[in-house]
Every structure is written in C-alpha cells, then in structure tokens.
Amino acid sequence: MGGEAMGALVSPARINVLLVEDDLDVAAGFGDYLQSHGLSVDFAYSATQARARLREEAFDVLVLDVNLPGEDGISLCRDLKARQQIIQPVLFLTARGALDDKLKGFDAGAVDWLVKPVAPAELLARIRAIATHVAAGPRSTALCVGDYRLDESAGLLTHGGKRLQLHVSGVAILAQLMQAHPACVSRQQLIDRLWGDLPPHSDPLRAHVWQLRQALLSAFGTRPIATERGIGYRFEVGE
C-alpha cells in the first residue's frame, strides 16, 4: 500500500465539508446546493458516523446538527475538540435557537451557529467565510523529530526533502508518537486518541499502524514506527 493509501491531496480552492445531519431530506437539500456551488460535501447521520468519517478523511469545515441520534451534536463537538483534538472549525446548523444552547455550543468549541430554517445561500456564505479565515490564519507549530517534520494543520509529513500527505488517523498517530519521543506510547493511549469513549470492538489500531508504516516506507524508504512488544509503539529516527 503506497503513500496514496494514507493520504489525500485536496485542492486548496475546494472546500471539503462534513455535514452531520440525521434528517436525510435536509442533508440532501443543503448538500446539493453546496455541491452545486463548488464545495465537496460528505455526510454523516450520527455522532458515530461522524467520528468514522473524520478518521478516514480530512475536512475543512464541520457542520453539525444538535439533535442527533444517540449523542447530541454539542457533546460530539466537545469531545472532538477536547479529547480528539480536532482542529477543524465547527458550525452548528440546528433548529434550536435558545441562548443557552448557543452558549453551550460555543463553549464546546463551535465558531458559528445558524438556526433553521436558513437559506442555503447563507450557509454557503458562512462556510466560505470560516474556511477563508482559517486558511489565512497562522499555522500551528510543527512537530520535529530528527529530520521528520509534521505539520498537523496541513496533515503533511516531510523528511529528506520528500512529502507525505496524511489522513486524519495518520496525523493523530504520528503526532502522539512524535510528541512522546523518545518514549513509548501505549496502545491504549493511541486508542483513546483515535476513538475516545467509543473504542471499536475489533482491533483496527494494528491495521492503521500497518498502513501508516507502508505509506512511510513508500514515501521515504523508512519506517520510523517501532513496536514495543506488549506495550505499544515508539517513534524511532535511527531505523
């Protein structure tokens, strides 16, 4: 599996949006409008689906409803920001317009709040404004270990003059390992970083690490993720 397996190149001019909305008709209506105006839109219909999509792909803006099945959008936003350390801006699109709801949403990490019914043109304008503001803002400090440099905001790893574009899960794993270097990171710490309070029933962490190693080998000819048997993983630049 080459570098393309863990990475995705996205044109900076095309805004990639995750719309989390359990009403299929509402989601389709807004999604069609946004896509007709040049945005790329993906969908999730619950908090669980949203987390799964965020592990698979990088998005520029997250649009969340509050009333979701199982877990509400405010709780999801708080978890993504505080525990999962998702940096993408969150815009709430919801029928709930009480001040208390809005305050809870902003406290959870949202940057904007729209109350339904709302014109699709306004949603488009808000998304574009948010994405433009984020693109113009300062980048976060990169993580550097040896000649490896990870830009978490861009999801980009560089080494020896070469570049590897990463998916969200790859960024999360490498960030945890590079921050801990030269110490070992336990499997449980990585599972908490990737899945929080909803760990999967199977063992996808092993597959994520394997895919990431293959992508590193394809891009750089090295696999700097060492296994500490029975404990976890370590970022090892001497390999």
Determine if region 65-75 includes at least one residue that is among the acidic types (D, E), closer than 24 Å to T132 by Cα and open to solvent by less than 30 Å² (accessible area, probe 1.4 Å).
yes
Here are F59, F92: which of them is under 19 Å from R128 (Cα atoms), at pLDDT 90 or above, surrounded by 14 or more Cβ atoms within 10 Å (Cβ to Cβ) and not polar (S, T, N, Q)?
F92
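I'd like to check something: does region 200-214 contain any residue that is touching a residue at least 24 places away in the same chain (Cβ under 8 Å), open to solvent by 20 Å² or more (accessible area, probe 1.4 Å) and out of contact with any helix residue (DSSP H, G or I) (no Cβ under 8 Å at 6 or more places or on another chain)?
Of all residues in region 200-214, those touching a residue at least 24 places away in the same chain (Cβ under 8 Å) come to 208-209, 211-212, 214.
Checking the rest, the ones that are also open to solvent by 20 Å² or more (accessible area, probe 1.4 Å) come to 208, 211, 214.
Within this subset, residues satisfying the condition of being out of contact with any helix residue (DSSP H, G or I) (no Cβ under 8 Å at 6 or more places or on another chain) are none.
No, because not a single residue in region 200-214 is touching a residue at least 24 places away in the same chain (Cβ under 8 Å), open to solvent by 20 Å² or more (accessible area, probe 1.4 Å) and out of contact with any helix residue (DSSP H, G or I) (no Cβ under 8 Å at 6 or more places or on another chain).
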Residues of region 36-56 being at pLDDT below 90 and surrounded by fewer than 19 Cβ atoms within 10 Å (Cβ to Cβ), in sequence order, are A52, R53, R55, E56
Residues L194, L150: which one is farther than 18 Å from R53 by Cβ and either outside any strand (DSSP E or B) or modelled with pLDDT of 85 or more (or both)?
L150
Mind checking which pairs have a first residue in region 55-84 that is over 21 Å from A98 (Cα atoms) and a second that is modelled with pLDDT under 95 and of a type in the set (D, E), Cβ under 9 Å, 6 or more apart or different chains?
E57/D42; F59/D42; D79/E71; D79/D197; R83/D192; R83/D197
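From the list R78, R14, exactly one residue is under 17 Å from L124 (Cβ atoms) and either under 14 Å from the mean Cα position of the chain (by Cα) or modelled with pLDDT under 90 (or both). Which is it?
R14
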Filtering region 34-54 down to residues that are in contact (Cβ under 8 Å) with a residue 40 or more places away in the chain and more than 15 Å from the chain's Cα centre (by Cα) yields L34, H37, L39
Quick one: what pairs do we get from region 107-119, first residue farther than 15 Å from I87 by Cα, second open to solvent by less than 30 Å² (accessible area, probe 1.4 Å) and at pLDDT below 90, C-beta under 8 Å, 6+ apart or different chains?
W113/G105
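The values are calculated or read from the model by the stated rules, or taken from the named source; none is laboratory data. If you're wondering where the values come from, they're calculated on a predicted model, not measured in any experiment. So basically every Cβ, Gly included, is an ideal-geometry build from the backbone, and we count neighbours across all protein chains shown. Please note that ligands, DNA and RNA were not included when accessible areas were found on the heavy atoms of the full protein model with its side chains. Shrake-Rupley method; radii C 1.70, N 1.55, O 1.52, S 1.80 Å.
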